[in-house]
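Participant: Have a look at the structure that comes next, please.
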Amino acid sequence: MAVYSMTGYASAQLQAPGAGGEGAGAGRRLGLEIRSVNSRFLDLTFRLSEELRSQEPALRALLTARLKRGKVEVRAFVEGGESAGLAEPPAPLLARLAQVQAAVQAELPGARPLSVADVLRLSAGAAAPQQDLGPALLELARGALDELTAAREREGARLVAMLRERLAQLAELARQAGPLVPRLVEQQRQRFMERWKEAMQLAEGAAVPEAAQERALTEATAFAIRIDVAEELTRLAAHLDEVTRLLDKGGEVGKRLDFLIQELHREANTLGSKSATMELTRIGVDMKVLIEQMREQVQNVE
């Protein structure tokens, strides 16, 4: 199953069905745009022209069935051609407007007469019977949604490739960190023992050798426990394996990936805080940089 990004864009247009009669609906085009960005949940926003607002529930149902997460904005509109825009108002309507104007001016002598623009605006809805644009709009939305899904899938494939690359780099850093701690512990143990021997020589037998040696070994053991990152590296490897498994599985994995990125960051922080060498510190910093890069990209995964 593919991994989908929440980022995408699609648009489509088709010839709007005419209302009958020459010029009534001629040149009208129905257009739709869908924009999608990342969001924690599915957040739908509609910007529809007046004659399309009744189709919002159907559009919402269509998108909810196909999309699971993302902030999605849908814009739908009808563009009228010149012949539709200049359609001549029918004579009965003009007569009715004249009667209404005369009645208003009889009560309000100061009222201005209707202009040509006023007449065209008032008669726009009555010049031709309204057509049901619902089926055409849903057909357009299905095509645009297919295009959006394909775009989100392509972006998702790019995100997966980037995440796999970062996973490989993190695994290599963990491999480099593994041998550092035992080597450092052995070096520190030898250093403690050398200090113990020097103390014995300075004491010239006055101190109890067994007690001094036991204290040196205790300090060496405490140091080894303090800097041991084997547990962190084990959990880090387990999280990397789980991220890989989710990417292989695909589907709606964004929220789980986001949680795992937080866990990876926690282990990298702990590893850095236990660092006792510049090399281990560098590895911890490099890990946090890679994990932060992954976090930014995972925010876009559905």
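Each reported figure results from applying straightforward, stated rules to the coordinates on display, with no laboratory input. As the structure is a computational prediction, the values presented were derived from the model and not from experiment. Methodologically, a virtual Cβ is constructed for each residue, glycine included, from the backbone with ideal geometry; neighbour enumeration extends over all protein chains shown.
Participant: Ranked highest first by average number of other Cβ atoms within 10 Å, how do 135-143, 53-61 line up?
Facilitator: So the order, starting with the most tightly packed, is 135-143, 53-61.
Participant: Moving to a separate point now. Past the 22 Å Cα-Cα mark, which pairs from K68/K249; K71/K288; K249/K288; K68/K255?
Facilitator: K71/K288; K249/K288
Participant: I'd like the FRET efficiency for R164 and M278, computed as 1/(1 + (r/R0)^6) with the beta carbon distance as r and R0 of 30 Å, rounded to 0.05.
Facilitator: 0.55
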